[in-house]
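Okay, so here's the structure we're looking at.
The values are calculated or read from the model by the stated rules, or taken from the named source; none is laboratory data. Remember, predicted model here, so these are calculated numbers, not experimental data. Ideal geometry is used to build each Cβ from the backbone, glycine not excepted, and the neighbour counts take in all protein chains shown. Heads up: the accessible areas ignore ligands, DNA and RNA and are worked out on the full protein's heavy atoms, side chains in. Shrake-Rupley method; radii C 1.70, N 1.55, O 1.52, S 1.80 Å.
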Amino acid sequence: MPAAHIWTFFRAGGLDQVLFQSADDFRNLRQLDQKLWVALTCPVKGLQFDSRTLELIDTDKDGRVRAPEVIATVEWACGLLTDPADLKKGVDGLPLAAINGSTDAGKALLASAKQVLINLGRPTASIVTVADISDTVKLFVDTTFNGDGVIIPEATDNAALKQTLLDIISIQGPVTDRSGKPGVDQAKSDAFFADCGALAGWLTASTSMQILGDATPAAHATFIAVKSKITDYFSRCRLAAYDHRAANALNRAEQDYLAIAAKDLSIANEEVVGLPLQRIEPRKSFNLTEAMNPAWSDRIAAFHQAVVVPLLGAEKKSITDAEWVDLCARFAPYETWLASKKGVAVEKLGANRVHAIVSANDQAAVNALIAKDLELKSQVAGFGDVERLVRCYRDLGALLRNFVNFADFYDLTKESIFQAGTLYLDQRACSLCIRVDDPAAHMPLGSLGKVYIAYCHLSRSSGEKMAIAACFTQGDGDYLMVGRNGLFYDRQGRDWDATITKIIDNPMSVRQAFWSPYKKFVRFVEEQVAKRAATADDAATTKLQGVATKTVDTAVIGKPPEKPKFEVGTVAALGVGLGAISTMIGGALTGFVGLGWWMPLGIIGMILLISGPSMLIAWIKLRQRTLGPILEGTGWAINGRVKINIPLGAYLTEAKELPPGAKRLLGDPFSDEKEKRRQRNRFILAAVVIVLAAAVWWQFDWLKGKWNEYRTPPAASDTTTTTTTTPTGTTTTTTTPASATTVPPTEPTKPVEAPKP
């Protein structure tokens, strides 16, 4: 048992993937455990890969390439190449020196490859490209012998034989040669020469049948023209001889002639043509020149000159029933011979041309040309293997890098075969765009990938249409919505109009999750403000309409309008609400200020309390992002867990960024963002300064003392102050210790009013 092959693996995206480096890596692909393959099946159509190559690999023609078919193709290519390691190069152009000519299969394929170059008019060339072998018209356009068993007239220099080939094409119809020109195959040739031989034999047998020599065909034509009518005449005469009473019935009645006479009379009239040739009488001869139905006179005259005169004599003016029977018997062998005619298809060539073809034995010459063409059949039959090997030499390495491993997907300089192009939308370039035939059918599987997917309908001015699943892996989805338009560039550089039709919403980044609660809160506040403003506007409008109505009614009735009542309860409720809010804010501020030097940690804690849950959920989902379900929905069978982590996601979706070395002129007189940013910075700076100042004052007991003084109720005073006003208007203040005996206050003396001047 051969020793197990030692494989080399590389790690990308958290996935161990096999690396193809040496010829033995390709030769031993069957030994690689398929549990280590990234993919096990891929579709033939819809990939950025030559579908013709995939069709050649798809041997069962079910539209899907499976792992066993890939293994079989790799082993077949390795058996025909001198160094299978060349497969990893991906070069378009198979050198003849790369074909292993030491095996029978290699020798046959090498001969076919050389024949390809001969057909292309490059017999000294040493490389066969995909374009050389793919265009069959170009491959055979200048060939006369190409192994398909079809001969074109240009295959011979003999003018007579070339004319015969043209005759075969005109009679049997053309067969298209591989060169694209009309030609003749063995079946067409055999049928043509069989017809020529049969017609020539039939024409030879006619010598004994032609009772009038070369004039027989023309004489027979006149005989056939009147045969049925003369036979009818003698049949009627026999019937009249059988019974004389039938004579009148066999002739037309007077009423028949009256009916004919009532019409526009013409000798060619059907009623006249249907009348007997002559009057019917028992055993009467047929007069060829007199008393004849005028509708038949010309035809009878031609019959008389062409048949009766040569066979019965020029003096013959009438014929009897027996003579008519004798004439019919004389033409019977000729009619039998006519009925046995063969080779009618070539009759239009003429008897002389048919005899010339048969006598020249052109069939043998045509068969020799066909045999010469078929001598190349084995070499030309190998053209298919040449095409397969040339395509494998160019494409097989790329297929393995996108099937057995996903090296191209994780290579920042390349694109995988399932990436259809790049979508530009919302100031981002999304390169993970996968073609899908039915977005609705793709969504159930695509949603399992935990990736933000925007399904887009693509169209071009030429009428082409397509659908893609664009995976956004960086930024946010605030402005991604159904109906937004973008621009898509496919791998060939063509531009498409793109419109979002459906969205699968998933987190794109932890940063997006951090701001999500605040954005939701702001959005909620905006919605509530808008809702309350709309309600207030409706209420104000209604109230204004009511006031206007009452004003008009008062003007009509003559009463003054009622003054609005002062709602004391409403004011009290507002006061209670404001007091509760103030108490809550004060308590929060008290607790926050009570943290002292720990206040920054308190700020961080509040932020984590708000944003932490959404960030945690986003982090979990971002760790679950995988490409497998998205590709599964398009016909792939993904075996490995192809994760899309945060660094890879940042590469797959590029955010806008100024180019290196670019200069930015900040003097935008119309920028709203500039003023907003300035106000926001001022607010943040002021808040930070206030918080820091409060912390410092608190730490040095000044603010703490003021706060405690505010919170502690005032103590009872140790002295009592008494104010006395004298009658003269002088005020006296007296301070008495609290420990002194308390004297009940006396009624103050009423001051004497000064006399008025």
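A quick yes/no check of all residues on (1) under 60 Å from the mean Cα position of the chain (by Cα); (2) open to solvent by less than 40 Å² (accessible area, probe 1.4 Å); (3) in contact (Cβ under 8 Å) with a residue 60 or more places away in the chain; (4) farther than 20 Å from residue 224 by Cα:
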site: 277; (1), (2), (3), (4): no, yes, no, no
site: 282; (1), (2), (3), (4): no, no, no, yes
site: 299; (1), (2), (3), (4): no, no, yes, no
site: 308; (1), (2), (3), (4): no, yes, no, no
site: 323; (1), (2), (3), (4): no, no, no, no
site: 334; (1), (2), (3), (4): no, yes, yes, no
site: 339; (1), (2), (3), (4): no, no, no, no
site: 345; (1), (2), (3), (4): yes, no, yes, yes
site: 350; (1), (2), (3), (4): yes, yes, no, yes
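Where strands (runs of 3 or more DSSP E) fall entirely within region 1-95, those with at least 1 residues that are among the β-branched types (Val, Ile, Thr) and under 25 Å from residue 468 (Cβ atoms) are at 39-43, 64-66.
Checked against (1) exposed (fewer than 15 other Cβ atoms within 10 Å of the Cβ); (2) under 36 Å from the mean Cα position of the chain (by Cα), residue 83 passes all but a single condition, namely (2).
Yes/no matrix, rows are residues, columns are (1) surrounded by fewer than 17 Cβ atoms within 10 Å (Cβ to Cβ); (2) modelled with pLDDT of 75 or more; (3) under 29 Å from residue 468 (Cα atoms); (4) in contact with a Cys (Cβ under 7 Å, 6 or more places away or on another chain):
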site	(1), (2), (3), (4)
607	yes, no, no, no
629	no, yes, yes, no
636	no, yes, yes, yes
642	no, yes, yes, no
645	yes, yes, yes, no
649	no, yes, yes, no
653	no, yes, yes, yes
661	yes, yes, no, no
666	yes, no, no, no
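Just one of the listed residues (109, 117, 139) is closer than 15 Å to residue 78 by Cα and either modelled with pLDDT under 90 or buried (at least 17 other Cβ atoms within 10 Å of the Cβ) (or both), namely 109. Of the residues making up region 470-492, those that are of a type outside the set (Phe, Trp, Tyr), part of a strand (DSSP E or B) and either closer than 18 Å to residue 648 by Cα or in contact with a Lys or Arg (Cβ under 8 Å, 6 or more places away or on another chain) (or both) are 470, 471. Condition (residue is over 30 Å from residue 196 (Cβ atoms), touching a strand residue (DSSP E or B) at 6+ places or on another chain (Cβ under 8 Å), modelled with pLDDT of 90 or more and not charged (D, E, K, R)) applied to region 70-80: is it met by at least one residue? Checked region 70-80: at least one residue is over 30 Å from residue 196 (Cβ atoms), touching a strand residue (DSSP E or B) at 6+ places or on another chain (Cβ under 8 Å), modelled with pLDDT of 90 or more and not charged (D, E, K, R).
Of all residues in region 116-142, those that are out of contact with any helix residue (DSSP H, G or I) (no Cβ under 9 Å at 6 or more places or on another chain), of a type outside the set (Asp, Glu) and on the phi < 0 side of the Ramachandran plot total 2.
Yes/no matrix, rows are residues, columns are (1) closer than 21 Å to residue 43 by Cα; (2) open to solvent by less than 10 Å² (accessible area, probe 1.4 Å); (3) among the polar types (S, T, N, Q):
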| site | (1), (2), (3) |
| --- | --- |
| 391 | yes, no, no |
| 401 | yes, no, no |
| 414 | yes, no, no |
| 420 | yes, yes, no |
| 434 | yes, yes, no |
| 444 | yes, no, no |
| 479 | no, no, no |
| 486 | no, no, no |
| 491 | yes, no, no |
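Filtering region 284-297 down to residues that are assigned to a helix (DSSP H, G or I) and either open to solvent by 30 Å² or more (accessible area, probe 1.4 Å) or among the acidic types (Asp, Glu) (or both), which residue is farthest from residue 228 (Cα to Cα)? Looking at the filtered set, the residue picked out is 294. On the given criteria, is residue 36 in contact with a strand residue (DSSP E or B) (Cβ under 9 Å, 6 or more places away or on another chain) and open to solvent by less than 70 Å² (accessible area, probe 1.4 Å)? So residue 36 does not fit the description; no. Taking region 170-193 as the range and being in contact with a strand residue (DSSP E or B) (Cβ under 7 Å, 6 or more places away or on another chain) and crowded, with 18+ Cβ neighbours inside 10 Å as the test, the residues that pass are 175, 177, 183, 184, 185, 188.
Kindly establish whether residue 48 is among the polar types (S, T, N, Q) and closer than 22 Å to residue 68 by Cβ. For residue 48, the condition - among the polar types (S, T, N, Q) and closer than 22 Å to residue 68 by Cβ - is not met. Would you check which residues across region 194-217 are under 16 Å from residue 355 (Cβ atoms) and open to solvent by 20 Å² or more (accessible area, probe 1.4 Å) and list them? Matches in region 194-217: 194, 195, 197, 198, 201, 202, 203, 204, 205, 207, 214. Candidates are the residues of region 120-133 that are assigned to a helix (DSSP H, G or I) and among the β-branched types (Val, Ile, Thr); the one that is modelled with the highest pLDDT is 130.
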